[in-house]
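As structure tokens, the structure follows; a few thoughts come after it.
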Amino acid sequence: MSDTLEEPAVDTGNAIRTCPACGQGRMTVFHQVARTPTNSCILWDAPEEAKAASTGEVKLGFCGSCGFICNTAFRPEIVEYSARYEETQGFSGTFNAFHHALAMRLIEKHDLHGKTVLEIGCGKGEFLMLLSELGGNRCIGIDPGVRPERLTGNAAERITLIPDFYSEKYSDYDVDFVACKMTLEHIIEPFDFVAKVRKGLGHRTETLVFFQVPEMLRILRDCAFEDIYYEHCSYFTAGSLSRLFAAAGFRALDLRSEYGEQYLTIEAYPNPAGAAPVEPSTADMDELRELVGSFPARMAVKMQTWRERLEGWRREGKRVVIWGSGSKAVSFLTSFGSYGDVSHAVDINPYRQGAFVPVTAQPIVAPRNLQAINPDVIIVMNAIYEPEIRKSLADMGLAPEVFSL
């Protein structure tokens, strides 16, 4: 972690120096992580394999011109997106309730009934299933990690899944709605990507575009280190996201934060050819500069608090586990691996159970295994799931201390 703002290191041959979002500002590094797994959602079958998982460097840089933040040391060639990538949150009742409400809102607000829908970066297809079930829509999903066998029932018959990355070859699809959820943050050239989507729509200026990304303002304010990991190479606030979409040829219809302010969503329409570009406000830039400038000192305090907490539990001989084994868990464990003894990672996703966390190699277990482990402390990787987790613990007759990030 850096103590000062600096330009990307000269010895990093591929360091990003010019902003990939606006193409004008210089990227100033304000936070560093020396060694972090490059594939936090890849499943490893053995602890030895997990410990040997590839790692990379994070150097978060800030553009003082547009507010965009990215990992200036990012190397896309060391990140894997495939069927081995297990990212779904679809086994959580809390998440499914949010997902259902989001789908219903978009369907009712934009009359998505019997329409043609394209989702870029559709993951395992859960959102497409909702749009098909609730709106009777015909759906196309593009993602290198799709698993068609997981979608069943009548709604699945209206869904076509394509195991690929989105590119210009899919621009001839005549669609009424384009969704891109939790994907743009994985793309190091966001302007090029959003401009590609706009170009693919061509004259179809009535096609709604919906993007969802992590909300960076919360991460900056809360020093949410668990939300900084290698695959997330690009980070947006409401201001920087609206400026990006305007520059790429869209006019924003709605911009909001959701899911405990963890997600940022934008609804937009393509600007007609020849129309004057939208000029979003830059009033948020002063706050962004202040948060970025104070981030290293505030982060140091938060990290020290967690070090002391973990060291204290180890001295007291307490059994500590974490709840969650995805990206947040990987970030947490690699940040504090030498300060405490975390024996297991709990996950309700059955596809993750039996695997091992990359680099730190904790076994991933089902909640029912906690009855045998009998932990003294559970660290919840995402506070929004704490009520759901506490109910599960109570149902098992367990009463450990619970701490949430």
Fill in: Residue among R315, R319, R307 that is basic (K, R) and closer than 22 Å to A34 by Cβ
R307
Practice prompt. Could you grab me the full set of residues in the stretch 66-105 that are surrounded by 18 or more Cβ atoms within 10 Å (Cβ to Cβ) and within 30 Å of G293 (Cβ to Cβ)?
Written response: C66, G67, F68, I69, C70, N71, T72, A73, F74, V79
Response to the item:
Taking the stretch 228-261 and keeping residues in contact (Cβ under 8 Å) with a residue 60 or more places away in the chain, crowded, with 17+ Cβ neighbours inside 10 Å and either closer than 14 Å to K181 by Cβ or under 16 Å from the mean Cα position of the chain (by Cα) (or both) leaves I228, Y229, Y230, E231, H232, C233, S234, Y235, F236, T237, Y259
Worksheet item: Within the stretch 206-222, can one find any residue that is in a loop (DSSP other than H, G, I, E, B), modelled with pLDDT of 95 or more and under 25 Å from A73 (Cβ atoms)?
Response: no
Discussion item. Taking the criterion of being among the aromatic types (F, W, Y) and closer than 20 Å to P214 by Cα, would at least one residue in the stretch 255-262 satisfy it?
Written reply: yes
Item to complete: Would you check which residues across the stretch 357-399 are in contact with a strand residue (DSSP E or B) (Cβ under 8 Å, 6 or more places away or on another chain), surrounded by fewer than 18 Cβ atoms within 10 Å (Cβ to Cβ) and not in a helix (DSSP H, G or I) and list them?
Response: P363, A366, D376
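For the stretch 262-303, give me the residue count where each residue is of a type in the set (S, T, N, Q) and surrounded by fewer than 11 Cβ atoms within 10 Å (Cβ to Cβ). Break it down stepwise before answering.
Narrowing the stretch 262-303 to residues of a type in the set (S, T, N, Q): 262, 265, 271, 281-282, 294.
Narrowing the set further to residues that are surrounded by fewer than 11 Cβ atoms within 10 Å (Cβ to Cβ) leaves 281.
Number satisfying all stated conditions: 1.
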Worksheet item: Any residue in the stretch 86-96 that is in a helix (DSSP H, G or I), touching a helix residue (DSSP H, G or I) at 6+ places or on another chain (Cβ under 6 Å) and under 21 Å from R256 (Cβ atoms)?
Response: yes
Discussion item. Regarding the stretch 59-76, can at least one residue be identified that is modelled with pLDDT under 95 and either within 15 Å of C180 (Cβ to Cβ) or charged (D, E, K, R) (or both)?
Written reply: no
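The values are calculated or read from the model by the stated rules, or taken from the named source; none is laboratory data. The shown structure was predicted, so the numbers you read here are calculated from the model rather than taken from an experiment. Because the Cβ atoms are built from the backbone with ideal geometry, glycine has one as well, and the counts that use them run over all protein chains shown.
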